[in-house]
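Novice: Please see the structure below; I have some questions.
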Ligand code: ADP
Ligand code: MG
C-alpha cells in the first residue's frame, strides 16, 4: 500500500490495553497500528471503528501511553510471515522469535521489541521449478529449498489473485530469503517481484485447492485413541478435562508420536513456568520416527497467561496460518492448541472491555462461531498437482471444575469429529491416559475400519463391541459394589472381568515407560486381536472365584507384554502363552 494513504491518529482515552483513538484517513477492522512512545512503539489492532473514532487493542503493556500519543496505522491486518526457517523456531503470538528476543534483551518478554520472524542472513539452497513463460497462480511453486527433511516450496503468494506470467527465475544457488527469486507480469502488465517470503493475514484461512473428505487415520501410538476414539488426518478433535487430568501430557505425546510431517504447537500456558519448561525440554526430545531432534519438524507458538490479552488471542490464528502454509506444500500437519480455554478467556476479556453484550458465562456471543471457524481450518486439501496436504487440529479445553456444560467445551463439541473427554475420577485412580471411554466418542471409526479391515477383519465392529463390554462392565461393577461378587450372575461377572482386562491391559498406557509410552499401530492390531480372542472364547466357569483367578492371571501376563520390546522373543512367547491358556479353557 502507498505510504501517503496510511492513516494517523492520536490517543483520546485509555482503558488498560484498550485505546480510543481519533484518526484521519481510512482504516479498516483488524488493521494493525503502531502506538509511538518515542523510542518504543507498541503494536495494536483496530477492533472497532465509528466515524473518525476507533478502538484499538494494544498487544502489550500500555505503560506510558498518554493523551495525544501519536498512532500510525500500517495499512494491513495482523499478518504472518511465511517462508523457509519457520521449522524449529519458537514464536510468540505475534510471531516474535522468542530465542532471538531473549538474545537481544536477556528476557523472553520485552515490551516493544519486534524482531523479524525469519532469519534474514541464512542462505537457503534454492532450486528453480518454474520457467520463464509459465503462467502461474497463487500457491503454484516457483522453486524449492530443503528445510530439514522437507522440500519447502516457494510459492506464488496467496495474496496474489489472477495469473502471473513468469519473466525471470533465479538460477539454482544459495540465497537469503529476501532475494528476488522470480519476477513476473500480472494480467494488467504490472511487474511483480517475488522473494522466498510472503505474508498472510492470520485471521483468514489460507487455502488453495479443493477440500476433500479425510480418509486416512492419524496414528498416534496411544491405544485408547487409535483404537477406540481415532482421528483422521485432516480431522478435528478436542480433549476437555479438569486441571491436572493429563491434557498437556497427552498433547505432548501427540506432538511427539503422531505420524504426521509437521507439528505446530500453540502453547497457552496455564501454570506459571509451564511454557518455560516446554521451551527448555522440548528441543532435547528425539523424534522416534527419524532419530533427529523433534524440533526439526516443529514450530512452536508460546504464550503465558502473563502476556497481554490480544497477543494471547492472536496466537491460535498465528498457529493455524503457519500450519495451513505447510499443508499447501502437500505435507501432513498437526496443529495442537493447549488450552483453547485460555484463548476463549482472552476473547472474553477483550469483549468485556469493549462493553459488548455478554453471552453465556460472560463469553462474547460470537464465541461459538470463532471456535467453529478455528476448527474449520482443518481438512484435507487436494492440490493442483493431484497431491494432497492435510491439517489436523486438536485443542484441549480446561473448563473450570471439569464441568463440561460450559460454553467452550460445548462449542468445541459441536464442531469436532472426535471427543476425548478426560475425567477426574480416572486421573485420581491413576488410570492414564485419563480419557474416559464412557463419555468419549469419534465420528471417524468407519473410515478407520475400512483402512484396517485387511489387517483385522470387521475392525470397526470389534471396536464397537469392545466399547459395549466396557459400558456393561461398568454397570455390573457398580452393581457388584452393592451386592458383592457372588450377587451377580457368573456370566455378568465374566463380562466385568473382560472389561477390566481390556481397561488395564489395553486402554491404560504408561506414558513414562520406555516401551509402553508409544505403541505402534502394528502392535495395537496384534494385541487387540489377541484380546478379541479372549472376548470371543466360549469360556465356562462354575464358580466366581475360578473365573476371577483365571482372568487375573491373563491380565497380569497381558499387562507385562506392554513393557516388552515389540517382536522380541519374550514378547512372542508371552503372546503365545496367553493364546494357549485361552485355547485350553475354551469349551469345545
Ligand atoms: P493438565 O494439562 O490436564 O492440567 P497435565 O497434563 O499437566 O494436566 O498432567 C498433570 C500430571 O498428571 C502430570 O504431571 C503427571 O504427573 C500426571 N499424568 C498425566 N498424564 C499421565 C500419564 N499418561 N501417565 C502418567 N502420569 C500422567
Ligand atoms: Mg495443561
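Novice: Quick one: how many residues across segment 230-247 are touching a strand residue (DSSP E or B) at 6+ places or on another chain (Cβ under 9 Å) and within 15 Å of ligand 1 (Cβ to nearest atom)?
Specialist: 8
Novice: If you don't mind, there's one more thing I want to ask. So which of 429, 400, 425, 365 ends up being over 25 Å from residue 222 (Cα atoms), within 16 Å of ligand 1 (Cβ to nearest atom), free of Cβ contacts under 8 Å to residues at least 12 places away in the same chain and in the same structural domain as residue 240 (by TED's automatic domain parsing)?
Specialist: 400
Novice: Among the residues in segment 102-115, are any more than 25 Å from residue 330 (Cα to Cα), under 26 Å from the mean Cα position of the chain (by Cα) and not in a loop (DSSP other than H, G, I, E, B)?
Specialist: The answer is yes; a qualifying residue exists.
Novice: Being over 16 Å from residue 131 (Cα atoms) and touching a strand residue (DSSP E or B) at 6+ places or on another chain (Cβ under 7 Å) is the filter here, so list the residues in segment 174-202 that pass it.
Specialist: 174, 175, 176, 177, 191, 196, 197, 198, 199, 200, 201, 202
Novice: Residue 475 - would you say it is more than 19 Å from residue 218 (Cα to Cα), touching a helix residue (DSSP H, G or I) at 6+ places or on another chain (Cβ under 7 Å) and either more than 16 Å from ligand 1 (Cβ to nearest atom) or at pLDDT 95 or above (or both)?
Specialist: Spelling it out, it is not the case that residue 475 is more than 19 Å from residue 218 (Cα to Cα), touching a helix residue (DSSP H, G or I) at 6+ places or on another chain (Cβ under 7 Å) and either more than 16 Å from ligand 1 (Cβ to nearest atom) or at pLDDT 95 or above (or both).
Novice: Quick test for you: out of 350, 329, 295, pick the one residue that is surrounded by fewer than 22 Cβ atoms within 10 Å (Cβ to Cβ) and in contact with a strand residue (DSSP E or B) (Cβ under 8 Å, 6 or more places away or on another chain).
Specialist: Going through 350, 329, 295 in turn, just one is surrounded by fewer than 22 Cβ atoms within 10 Å (Cβ to Cβ) and in contact with a strand residue (DSSP E or B) (Cβ under 8 Å, 6 or more places away or on another chain): 350.
Novice: Here's another thing I want to ask about it. Search segment 258-274 for residues being more than 19 Å from residue 88 (Cβ to Cβ) and surrounded by fewer than 24 Cβ atoms within 10 Å (Cβ to Cβ), and hand back the single one that is farthest from ligand 2 (Cβ to nearest atom).
Specialist: The qualifying residue farthest from ligand 2 (Cβ to nearest atom) is 259.
Novice: On the basis of being within 16 Å of ligand 1 (Cβ to nearest atom), touching a residue at least 40 places away in the same chain (Cβ under 8 Å) and touching a helix residue (DSSP H, G or I) at 6+ places or on another chain (Cβ under 9 Å), does residue 338 make the cut?
Specialist: For residue 338, the condition - within 16 Å of ligand 1 (Cβ to nearest atom), touching a residue at least 40 places away in the same chain (Cβ under 8 Å) and touching a helix residue (DSSP H, G or I) at 6+ places or on another chain (Cβ under 9 Å) - is met.
Novice: So if I check each of 318, 250, which one is within 15 Å of ligand 1 (Cβ to nearest atom) and buried (at least 24 other Cβ atoms within 10 Å of the Cβ)?
Specialist: 250
The values are calculated or read from the model by the stated rules, or taken from the named source; none is laboratory data. Just so we're clear, the structure is a prediction, and the values are computed from it rather than from any experiment. Here the Cβ is made from the backbone with ideal geometry for all residues, glycine too, and neighbour counts use every protein chain on show.
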